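Step one of this worksheet: look at the structure below.
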Amino acid sequence: MPAHLLHRQVHPSWIQQGRFTSQTFAPTPKDERLLSVNDGKVMTAAESFEHFTTVLLRKSVGVVSVTSDEVHQLGLTWANDPQPYPAHAVIDFNRVLGKAELKAKASALAEAARQRGFTYQPQQAQ
Amino acid sequence: MDSEGRRSLNVAGRIGFRSPARTGAFQVKTEFIKPRLVGKRFEEHSIPVEVLKDWAVFEDLIVETARWLYKVENHDRQRVPRGFSEGFALHLSAVEEGSAVPAIDRVHMHSQLFPDANAVWFDKARDRVLQAIEAVNKGLPIADLLPSFLLSYFDRFGRSLRESEHIEFAAPSGLGKVIYDIRARRALILQGAPEYRQEERLRGVISEVDARKKKLTIELIGGQRLEGGYLKEVHEEASAALSDYVQNGPLVLIECVSVRNKQESLTAIESISRIERLDPLDVSARIEALMQLNDGWLDGEGHAPSVDGLRWFRDAWLDNWAEDMPLPFLYPTPDGNLQAEWSNDLAAVTAEIDIEEHSMAVVVSQHVGGKVLSELLLSLDEDHGWQTLVEIVGDLISGS
């Protein structure tokens, strides 16, 4: 059975020599510990990129993804949140205690995504 | 001055006279000026050889200023007296304690029959040059002190001075000091010309090389593309850097003469004398790239890291990080700081750097389970902070 992917966009300032920062998978304070992702069962990585850059008008150099299992293995949960748009979901960091642990979880998610490689990159970014 | 009429700068610190006296005269040296060179490069009271060549230009400036002063004060004469500048040569005779203090002496013939009548003009020239530097530092006009054709000498005098360096002279008035630094130099040159030159190190990617014309094009980190001539000695490095150029070619550091205008914008590069390939993670280059960020860089959010903070971190990094240690991946954070990351298959070091407070919050974590292995808060104003970071990264790399 294909893995259930959850997609994140990589900001152009958050990639150096092809490696993206673990901040890609860390919620910012304004996120209230809910990290936005796109449900891979609703939107492919390419569709996710298209939506992010042409509908939400935000910048991305490509899409990286983690699986639902990888999220759970870190003691995190995720849930669909279709309110902004159908594919929208969130990885919930509210059970994470403290900044250090949050960084550790984000780092682990980022490493899992790096092992997978970009799940989508536009032609010129490759 | 030797027997062939050439002026010499004796960098060995000896007095090298080669013309024998003919008229009962003998050569003497008289202290002419004793500047103090201030900056990190001079702290061991030594002077890098690249700086010494500036004093040959200073000698030329003094001679030409003396010639000009003579003609100004002797309206009836169109030329200076024969042999006017033959009796003038500056020699570096010692480097004294106190940062680097080169004692620069005037070497001249002394004779009881033919006293050195021209000596006064060189002393006046020295004082006039220092008065001009003093005036420009105070924001005063200098048109009455030095004509614009003499200001062009400042374009070659002090070209290698760095941002944190300056030359101190005793003021001709006897009161205080006259400071010659990058700002004074720039102000003097721009009073007489639309642009100035300085030796600079620039970072970027070489995208074109013209072997016949000995010119290359470099795309600087900030995005500017410039073409400049290079010395034939670095042709091999230029070609090698170009041959690896695809989309993002290898980062290089070039040493060149940069040309900047009154707005301090870089308009041209000349005389590229060194090309060095940089590590892809070169921290100085990365910092330069991060300096291009503006507020709102993160899709309308995100504070740009302050330029002063970035400069501090770059300098602290260069001072404290051993060359054989792996370089980090360096990223901006939304709150205007930096995050340095190292990782291997098993673990990661994530270090959030507060570039205003000079501190670093380090988290060592393992990928499996996202478990925190250790967390520390380090001060980067203390050696201990850096040493601890080196140990942590060293342990990650060695797998311990």
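The values are calculated or read from the model by the stated rules, or taken from the named source; none is laboratory data. Because the structure is predicted, anything quoted here is derived from the model rather than measured. No Cβ is skipped: glycine too gets one built from the backbone with ideal geometry, and neighbour counts run over all protein chains shown. Heads up: the accessible areas ignore ligands, DNA and RNA and are worked out on the full protein's heavy atoms, side chains in. Shrake-Rupley method; radii C 1.70, N 1.55, O 1.52, S 1.80 Å.
Quick look at the values:
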quantity: Kirkwood hydrodynamic radius of the stretch B:339-395, from inverse mean 1/r over distinct Cα pairs, in Å; calculated: 11.5 Å
quantity: Order of exposure, largest accessible area first, which applies to A:R8, B:R225 with probe 1.4 Å; calculated: B:R225, A:R8
quantity: Convex hull of Cα atoms in chain B, direction-averaged projection (nm²); calculated: 26.3 nm²
quantity: Largest-first ellipsoid semi-axes for the stretch B:187-313, taking √(5λ) over the Cα gyration tensor eigenvalues, angstrom; calculated: 26, 22, 12
quantity: Label point distance in nm, B:R82-A:R116, each placed 7 Å from Cα along Cα→Cβ; calculated: 9.2 nm
quantity: Total accessible area lost when A and B pair, probe 1.4 Å, Å² to nearest 100; calculated: 2500 Å²
quantity: Residue list for the stretch A:78-98, given a label point 7 angstrom along the Cα-to-Cβ vector of A:D31 and an amide N cut-off under 16 Å; calculated: A:78-81, A:88-98
quantity: Per-residue [θ]222 nm for chain B (sum of -39500 (n - 2.57) over DSSP H runs n ≥ 4, rounded to 500); calculated: -8500 deg cm²/dmol
quantity: Inter-chain Cβ neighbour average for residues B:316-329, partner chain, 10 Å; calculated: 1
quantity: Rounded accessible area per residue of the stretch A:52-102, 1.4 Å, Å²; calculated: 53 Å²
quantity: Radius of gyration, Dmax [the stretch B:299-400; alpha carbons; angstrom]; calculated: 13.7, 42
quantity: Whole-number D in µm² s⁻¹ for the protein assembly as shown, Kirkwood Cα-pair radius fed into Stokes-Einstein, 10 °C, 1.306 mPa s; calculated: 58 µm²/s
quantity: Angstrom value of the Kirkwood radius, inverse mean 1/r, which spans all Cα pairs in the stretch A:40-126; calculated: 14.2 Å
quantity: Stretchable slack from B:V120 to B:H384, in nm (0.36 nm times residue separation minus alpha-carbon distance); calculated: 89.3 nm
quantity: Longest to shortest principal axis, alpha-carbon extents of the stretch B:137-204, angstrom; calculated: 46, 25, 18
quantity: Kirkwood estimate for the stretch A:10-83, i.e. one over the average of 1/r between Cα atoms, Å; calculated: 13.6 Å
